[in-house]
Amino acid sequence: MRLIEKLFPSLLIRRAANYSSQLEEDTGFSLRTVEGEEGFMFFLIDPYGDGDDSNSDWWSDLDDAIFDLSDFDGGSYE
């Protein structure tokens with residue numbers, strides 16, 4: 001997480017939303033941002049799922065999620 005995002009969490013949320021929009025456009029999957037007791041969590045949401053993210057891949061750092069999903073194409077879940 002970037003220092004400025006620690007000071008202004010809305011910037012982190014906005015960056016996650018922008019990334020999620022691009023991911024959804026490219027793959028159909030999206031990234032859901034959830035604020036928990038110990039910070040934010042980022043869940044990969046399957047467009048063909050039932051909306052339950054309890055079994056979804058998730059990250060506690062947006063930069064880790066972006067790195068891990070950088071070559072994700074969504075095709076392996078069909």
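The values are calculated or read from the model by the stated rules, or taken from the named source; none is laboratory data. Nothing here was measured: the structure is a model prediction, and the numbers come from that model. SASA here: full protein model, heavy atoms, side chains in, ligands and nucleic acids out. Shrake-Rupley method; radii C 1.70, N 1.55, O 1.52, S 1.80 Å.
What are the ³J(HN,Hα) couplings of segment 8-15, residue after residue, when phi is run through the Karplus curve with 6.51, -1.76, 1.60 and θ = phi - 60°? Round to Hz, x for glycine and proline.
With the stated coefficients, segment 8-15 comes to 10, x, 4, 5, 5, 4, 5, 5 Hz.
May I ask you to evaluate 6.51 cos²θ - 1.76 cosθ + 1.60, the Karplus curve with θ = phi - 60°, for each residue of segment 31-40 and list the ³J(HN,Hα) values in order in whole Hz, giving x for glycine and proline?
10, 9, 9, 10, 8, x, 5, 10, x, 8
Could you work out Rg/(2.2 N^0.38 Å) for the chain, with Rg from alpha carbons only?
Ratio of Rg to 2.2 N^0.38 Å for the chain: 1.08.
If you roll a 1.4 Å probe over the heavy atoms of the protein chains, what accessible area per residue do you get for the chain, in Å²?
Values: 5470 Å² over 78 residues.
Each residue of the chain exposes 70 Å² on average to a 1.4 Å probe.
Can you give me the % of accessible surface on the chain that is carbon or sulfur? Probe 1.4 Å, all protein chains present, nothing else counted.
The nonpolar share, carbon plus sulfur, comes to 48 percent.
Express the relative contact order of segment 9-61 as a whole percentage, based on alpha carbon pairs under 8 Å and six or more residues apart in sequence. Walk me through the numbers before you get to the answer.
Details: 65 pairs, mean separation 13.1, N = 53.
Rounded, it is 25 percent for segment 9-61.
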